[in-house]
Amino acid sequence: MSDQTQSTILVVDDTEANIDILVGALDDLYDVCVAMDGESALQIVDENSPDLILLDIMMPGIDGYEVCKKIKDNPENNAIPIIFITAMTEIKDKTKGFSLGAVDYITKPFEIVEVQARVETHLALQDARKQLQNQNEILEDKVQERTKEVTQLNEELKQSMLNSVRILIGLIEGFDPSLGSHSKRVAILSREIGKALGVSSEELFQLEIASLLHDIGTLTIPERLKHSQTSKISKEELALVRQHTMFTQSVLSPAKGLNEVGVLIRNHKENIDGSGFPDGLVGKDIPLGAKIIGAANAYDEIRNSKDVNAQTMSQKIKEELAIQNITKLAGTRYEENIIKALINVINEYHEKKKEVIRITIDELKPDQILAKNLYTNQGKLIMSKGTKLSAYIIQRMESFKVAKLVSDLVYVYMAH
């Protein structure tokens, strides 16, 4: 993220007490300017575009919704992230705010740590988005200047863009470690499914970026709602939770070349039977990339479930359970060919883990697995294929070697 002292925050609120709290929380970290009504806020935005806006909803004259709409309707300012300031009970207002283009909300009464964390997160997201947009603009200039090098430049800039996204995911891991690791696993699985289905290199690129960023919108969901069962929260709260895919799209949409990525993220929770969200799309109306991410995301969520029963299961059992559960949804929530490709990718991964190497007994290490039966030079079986090596077993094998009872070369599964 850029130097915090260079970032300008506009605080818009008609209550002096609220302004005092917010300025006190941010003034040591950023350049903070203040407006006490919508008209003044719009004038400040036009004259000196801030890096982020904290915007009260209920104000005399032009309210926060209208201010947000006017800013988002102006192409010169519509990329500025807007965080609404609202009360805990105004869930419908929060949902309306997201639909107008806001990226987050902060509830009253304010928690200083929360205000600072959310502002820092959205400034980091804004910086990452600008980097992505700059990479696209550089690409366009280079293509015009040197058409012969367009392919190489395209790949280099794509890689640069991917690296920027990976840095962003690393930053997010500081706030939510499980979210970062989950996104990385979904990205790997989605890309491999895409390869298996024969999608183009450009689609693979979009698929990988969308997979890495698909869940950043969950940062806006209150902790009490993140882990609640759907049946235990209100319809208004459920609607708010389901806004997270739209939030991510709103963050990415101002960046040139990332519109399709935003669409994939918005639609990755859609189901082919129309039971998904946020738009209730059906079948072919859902982009292929979104369907791939949705299936990969569902598999990883089941496989890494944190409920009490799942905690006592081995990784192998969790994986088998995840495959069973997601297979049942083939043809209803997910396309059958995507589920088939997902299972094939998982099986191929395990086959690769079983690649065999031939090494000397002196090179053996604990936890390696014997890939072939071990016989004496006279043909007597002394150790079976599949034996997991320990320090004691390796010591025994070394003694067999010294006694010249076995060959010095053995076969083990390659570690991945």
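Counting trypsin sites (Lys or Arg not before Pro) as exposed when in a DSSP loop with at most 10 other beta carbons within 10 Å, what is the longest stretch of the chain free of them? Walk me through the numbers before you get to the answer.
Details: sites that count: K306, K380, K404.
Here the longest run is 1-305.
Assuming a ≥ b ≥ c are the square roots of the Cα gyration tensor eigenvalues, decide whether segment 226-291 counts as rounded (a/c under 1.5), prolate (otherwise, with a/b larger than b/c) or oblate.
Numbers: a/c = 2.95, a/b = 1.39, b/c = 2.12.
Oblate, since a/c reaches 1.5 and b/c is not below a/b.
Between Q126, Q315, Q243, where does the largest GNM mean-square fluctuation fall for the chain, given springs only between Cα atoms within less than 10 Å?
Fluctuation is largest for Q315.
If the limit is 24 Å between Cα atoms, which of K235/K284; K72/K130; K184/K340 go over it? Can you show the working numbers first?
Numbers: K235/K284 28 Å; K72/K130 17 Å; K184/K340 21 Å.
With Cα atoms farther than 24 Å apart: K235/K284.
Put +1 on the Cβ of each Lys and Arg and -1 on the Cβ of each Asp and Glu in the chain; which of Q243, L52, V12 then has its Cα farthest toward the positive end of the dipole?
The residue sitting farthest along the positive end of the dipole is Q243.
Would you work out the relative contact order for segment 356-413, in percent, from Cα pairs under 8 angstrom that are 6 or more residues apart?
Details: 98 pairs, mean separation 29.4, N = 58.
With pairs under 8 Å counted, the relative contact order is 51 percent.
When DSSP beta bridges are limited to those with both residues in the chain, what percentage is antiparallel, rounded to the nearest 5? Before the final figure, lay out each step's value.
Details: 9 of 28 bridges.
Approximately 30 percent, going by the DSSP bridge assignments.
Under the rule of -39500 (n - 2.57) per DSSP H run of 4 or more residues, summed and divided by the residues of the chain, what mean residue ellipticity at 222 nm is obtained, to the nearest 500 deg cm²/dmol? Could the numbers behind the result be given before it?
Values: 17 runs with 225 residues, N = 416.
Roughly -17000 deg cm²/dmol at 222 nm, from the helical runs in the chain.
Could you give the distance between the Cα centres of segment 230-262 and segment 191-229, to the whole Å?
The two parts, judged by their Cα centres, are 12 Å apart.
Evaluate the distance, in nm, between pseudo-label points positioned 7 Å from the Cα of D408 and of E155 along their respective Cα→Cβ axes.
4.2 nm
Placing +1 at every Lys and Arg Cβ and -1 at every Asp and Glu Cβ, with all other atoms neutral, what dipole size does the chain have around its Cα centre, in debye to the nearest 20?
That gives a dipole near 3380 debye.
If you filter segment 47-147 for GluC sites (Glu not before Pro), then keep DSSP loop positions with at most 15 other Cβ within 10 Å, what is left? Numbers along the way, then the final one.
Details: sites: E47, E66, E76, E90, E111, E114, E120, E137, E140, E145; in loops: E76, E90, E111.
Here the GluC sites (Glu not before Pro) that fit, given the DSSP loop and packing criteria, are E76, E111.
Can you tell me, using C-alpha contacts under 8 Å and at least 6 residues apart, the relative contact order of the chain as a whole percent?
Working: 607 pairs, mean separation 40.6, N = 416.
Answer for the chain is 10 percent.
Working from the alpha-carbon coordinates of segment 348-416, get Rg over Rh, Rh being the Kirkwood radius.
0.97
Give me log10 I(q)/I(0) at q = 0.11, 0.17, 0.18 Å⁻¹ for segment 176-351, Debye formula, one equal scatterer per alpha-carbon, no solvent.
Log10 of I(q)/I(0), two decimals: -0.45, -1.14, -1.28.
Can you give the charge dipole size of segment 4-119 about its Cα centre, rounded to the nearest 20 debye, using +1 on the beta carbon of Lys and Arg and -1 on the beta carbon of Asp and Glu?
Numbers: 8 positive and 22 negative charges, 114 e Å.
It works out to roughly 540 debye.
Which lysines have a Cα less than 27 Å from the Cα of K404, not counting those fewer than 8 places away in the same chain?
By straight Cα distance, K404 reaches K365, K372, K380, K385, K388.
Return an integer: the convex hull volume of the alpha-carbon atoms of segment 4-119, in Å³ per residue. Display every interim value, and only then the final one.
Details: hull volume 10.5 nm³, N = 116.
Normalising the Cα hull of segment 4-119 by residue number yields 90 Å³.
For the pairs K226/K318; K269/K328; K92/K232; K94/K226, flag any whose C-alpha to C-alpha distance is greater than 20 Å.
On the way: K226/K318 22 Å; K269/K328 17 Å; K92/K232 18 Å; K94/K226 16 Å.
Listed pairs above 20 Å: K226/K318.
Quick check on the exposure proxy: order T218, T15 from fewest to most C-beta atoms within 10 angstrom.
The most exposed by this proxy come first: T15, T218.
What is the extension gain from Y392 to D63, computed as 0.36 nm multiplied by their sequence separation minus the C-alpha to C-alpha distance, in nm to one decimal? Provide the component values of the computation, followed by the final result.
Values: separation 329, 0.36 × 329 = 118.44 nm, distance 7.41 nm.
Full extension from Y392 to D63 adds 111.0 nm.
Identify which of the listed values of Cα extents along the principal axes in Å was calculated from the structure shown: (i) 96, 58, 47; (ii) 70, 61, 38; (iii) 65, 46, 40.
(i)
Every read-out reported here was derived from the displayed coordinates using simple, explicitly stated rules and does not represent laboratory data. These figures come from a predicted structure and were not determined experimentally. Cβ coordinates were reconstructed from backbone atoms using ideal geometry, including for glycine residues, and neighbour counts include every protein chain displayed.
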